[in-house]
Amino acid sequence: MKERKKRIVYGVLGIFVFLCIWYVATKFTLLGKVMPDPITVITGFCTAFVVPIGTHSMIVHILISLRRMLIPYAIGGVLGVLVGIVMGWYKVADAILMPYIQMFRPIPPIAWIPLSIVWFGFGEGSKYFLIFLACFFTIALTTYNGVHSVDETLVRAARMLGAKDNQLFTSIVLPTTVPYIFSGLQVALGSAWATIVAAEMIRSSEGVGWLIVSGQDVGNMTQIMVGILAIALTGLLITTIMRGVEYKLCAWTVRGK
């Protein structure tokens, strides 16, 4: 508990120091000509919850972006876990699928924007596609690594005792793989949330990514920074929630850290 309190204190202190440096830099250097000070940004962020930007208030923009992210994130998570388990458990599937995973994984989602527009148009489908790509490959690979980390000695011993494949999976493979799955889900969550900005550049009129793009179009640096702050704080919140879920479901690995 003491260690946790220390981490909180250090975190708050770090944020305070950062804000002080930001304030001084914008007030006493040339940075102030192209960037608003933190008080202006925080005030603009709070005001956006009451005074709409575009057609929606800040909370609506955030909820729209979360909806756009969570649907393809869930699809990519489920398919990524299934593909990772199949590749890790069956050598034939590994030989067939892994080259494609390794080939497409390094391609950033933003590179797919032109094709996503051609395939899915300017609607939600193109945005879902980009976020799906940001999630799927990471989750598939971390799940695959989790299956490969299973102790072969335990598997052989269980088989000698007559364990069937479904028993091996539930009693040995799954408990070993779950921490890897959550690690992949956390990394993919960050990638998906970051991809929101690129996805909402595709003819959008709402969402936190749109806040940044529309601010750029009119040269409103405060709105740009408000959008960035919204992305940062929402990302912190969903990451904290994910870690809490991991703490509950993977207690045997998390609590020892």
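Just a few scattered comments:
- Test: residue in the range 154-166 that is free of Cβ contacts under 8 Å to residues at least 24 places away in the same chain, not hydrophobic (A, V, I, L, M, F, W, C) and not in a helix (DSSP H, G or I): yes
A quick yes/no check of all residues on (1) touching a Gly at 6+ places or on another chain (Cβ under 6 Å); (2) of a type in the set (S, T, N, Q):
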position	(1), (2)
S149	no, yes
E152	no, no
I172	no, no
W193	yes, no
N220	no, yes
R243	no, no
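- Taking the conditions (1) within 16 Å of P108 (Cα to Cα); (2) free of Cβ contacts under 8 Å to residues at least 40 places away in the same chain; (3) of a type outside the set (K, R) in turn, V187 satisfies each one other than (2).
- Close contacts from the range 22-33, counting a first residue that is modelled with pLDDT under 85 and a second that is of a type in the set (G, A, S), with Cβ to Cβ under 8 Å and a gap of 6+ residues or different chains, come to L31/A25; G32/A25.
- Filtering the range 19-36 for residues that are surrounded by 15 or more Cβ atoms within 10 Å (Cβ to Cβ) and assigned to a loop (DSSP other than H, G, I, E, B) leaves a non-empty set.
- Scanning the range 81-105 for residues that are in a helix (DSSP H, G or I) and surrounded by fewer than 17 Cβ atoms within 10 Å (Cβ to Cβ) gives L82, K91, V92, A93, A95, I96, M98, P99, Y100, Q102, M103, F104.
- The range 106-150, residues that are over 23 Å from W210 (Cα atoms), of a type in the set (G, A, S) and assigned to a helix (DSSP H, G or I): A140, G146
The values are calculated or read from the model by the stated rules, or taken from the named source; none is laboratory data. Keep in mind that this is a model prediction, so the values were computed, not measured. Here Cβ is always computed from backbone atoms with ideal geometry, including for glycine, and neighbour counts include all displayed protein chains.
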